[in-house]
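**Q** I am attaching a structure below and will ask some questions about it afterwards.
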Amino acid sequence: MKPPLFEAVPNFSEGRDDDTIARIVADVRSVEGIRILGLHSDPDHNRSVLTFAGEETAVLEAAVALAEACAREIDLTAQTGEHPRMGSLDVLPFVPLEGATLDDASRLARQVGERVGAIGFLVYLYEAAATGPHRRNLADVRRGGYDGLAARLEDPLWQPDYGPRELDPRKGAVAVGARPFLVAFNAYLDTDDIEVARAIARMVRERDGGLPGLKALGLEVGGRAQVSMNLTDLQKTSMPVALEAVREAALEHGASVESTELVGLAPLEAVLQTARHYLGLRELDREHVLEAALWDAP
């Protein structure tokens, strides 16, 4: 049997300096057995999303190398950006791939959390790796952001799972978790009014009575209002369903969707769902995709 595989999708707080980003990614790439699958850097968010995969030991060592590089290369006291953040290495989720389970990914997250805490990050475990129900939701873990970390440390309910009990302002805190696939999908509006984007986000996200498995924020990016979305359960809410909900909500506010953006990678099923929706295809599965048929051929 092949060893189980895992994907890591860390977000780190640098999206503008290409040299800094390259040095951070190079430290991850140097770990034997690691495959870099994608990198998305956004200067307005001042944030990069890196995707890498491998076997358990390799992914663990690559995650630690990433944390060490972020601690060395990024000073959070001097960092600014549109996207909320609480650490130089901000979010570090693990996703089970072939041969792995969510429990396996949770165990990996805890091992990584302990190692990253030893580097000096405050570490909060979330989703399937969470140590309490109030820590499962990433939005709850990150509420208050970097500026609220010092106050959070005074609350017994929010002591970090690993790491020091005093804040290192350069490093901040990192949320380390285990979860299924998540699709990060953004919609740009034809307005620069951020309040419109925030109102739309409230209308579509699950937390405020919107679509199940949809998280959303309203941001200003590149002179445009953006509805930034995370789709956490594609069987409940797919990309086209989310997009149509945003379009409908935008019309109520006198706006429209100008363009969309995929951040990081999406599973093939997410793309197939989109094609089925907009092409009206009764059937479209993996075996109908030429490249997939070539990959699967014996």
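**Q** Pairs of alpha-carbon atoms within less than 8 angstrom and 6+ residues apart define the contacts here; what relative contact order does the chain have, in percent? Let's see the in-between values first.
**A** On the way: 652 pairs, mean separation 46.5, N = 298.
Normalised by residue count, the contact order of the chain is 16 percent.
**Q** Would you compute the Debye intensity of the range 5-178 from its alpha-carbon atoms alone, equal scatterers and no solvent, and pass along log10 I(q)/I(0) at q = 0.08, 0.10 Å⁻¹ to two decimals?
**A** Reported log10 I(q)/I(0), two decimals: -0.20, -0.32.
**Q** Any chance you could list P(r) for the range 183-288, counting all Cα-Cα pairs in 5 angstrom bins from zero, rounded to whole %?
**A** Percent of Cα pairs in each bin: 2, 13, 25, 23, 18, 11, 5, 2, 0.
**Q** Please compute one quarter of the surface area of the Cα convex hull for the range 78-219 and express it in square nanometres. Display every interim value, and only then the final one.
**A** On the way: hull surface 39.1 nm².
So the mean shadow area of the Cα hull is 9.8 nm².
**Q** In deg cm²/dmol and to the nearest 500, what is the mean residue ellipticity at 222 nm of the chain if only DSSP H runs of at least 4 residues count, each as -39500 (n - 2.57), divided by the residue total? Mind dumping the intermediate values first?
**A** On the way: 9 runs with 101 residues, N = 298.
So the calculated ellipticity at 222 nm is -10500 deg cm²/dmol.
**Q** For a quick check: sort Asp296, Asp90 by the number of other beta carbons within 10 angstrom, fewest at the front.
**A** Values: Asp296 10, Asp90 25.
With the sparsest Cβ surroundings first, the list reads Asp296, Asp90.
**Q** Hey, fewest Cβ within 10 Å first, where do Val141, Val246 land in order?
**A** Working: Val141 23, Val246 28.
Neighbour counts put them in this order, fewest first: Val141, Val246.
**Q** Follow-up question, since we're still on this one. Please get the size of the charge dipole for the range 183-288, origin at its Cα centre, with Cβ charges of +1 on Lys and Arg and -1 on Asp and Glu, quoted in debye to the nearest 20. Please list the in-between numbers first.
**A** On the way: 11 positive and 17 negative charges, 55 e Å.
That gives the range 183-288 a dipole magnitude of about 260 debye.
**Q** Continuing with this model, one more query. Explain nothing, just the number: dipole magnitude of the range 5-178 about its Cα centre with +1 on each Lys and Arg Cβ and -1 on each Asp and Glu Cβ, in debye rounded to the nearest 20. Could the numbers behind the result be given before it?
**A** Values: 18 positive and 29 negative charges, 67 e Å.
With Lys and Arg at +1 and Asp and Glu at -1, about 320 debye.
**Q** Based on a Kirkwood Rh over C-alpha pairs, give the Stokes-Einstein translational diffusion coefficient of the chain at 4 °C and viscosity 1.567 mPa s in µm²/s.
**A** Values: Rh = 19.9 Å.
D, rounded to a whole number, is 65 µm²/s.
**Q** Now for a separate question. Around Ala109, with a cut-off of 13 angstrom between Cβ atoms, what is the net charge of the other residues, counting Lys and Arg +1 and Asp and Glu -1?
**A** Numbers: positive: Arg107, Arg110, Arg115, Arg135, Arg136, Arg179; negative: Glu7, Glu56, Asp103, Asp104, Glu114, Glu127, Asp161.
Charge balance near Ala109 sits at -1.
**Q** Now a separate question. Pulled fully out, how much extra length does the chain show between Glu283 and Arg143, if you take 0.36 nm times their separation in residues and subtract their Cα-Cα distance? The partial results should precede the final answer.
**A** Details: separation 140, 0.36 × 140 = 50.40 nm, distance 4.19 nm.
Residue separation times 0.36 nm, minus the Cα-Cα distance, leaves 46.2 nm.
All of the numbers you see were taken from the coordinates with simple rules; none came from a lab. Bear in mind the structure is a predicted one, so any value in this text is a computation, not a measurement. FYI the Cβ positions are ideal-geometry reconstructions off the backbone, even for glycines, and counts take in every protein chain you see.
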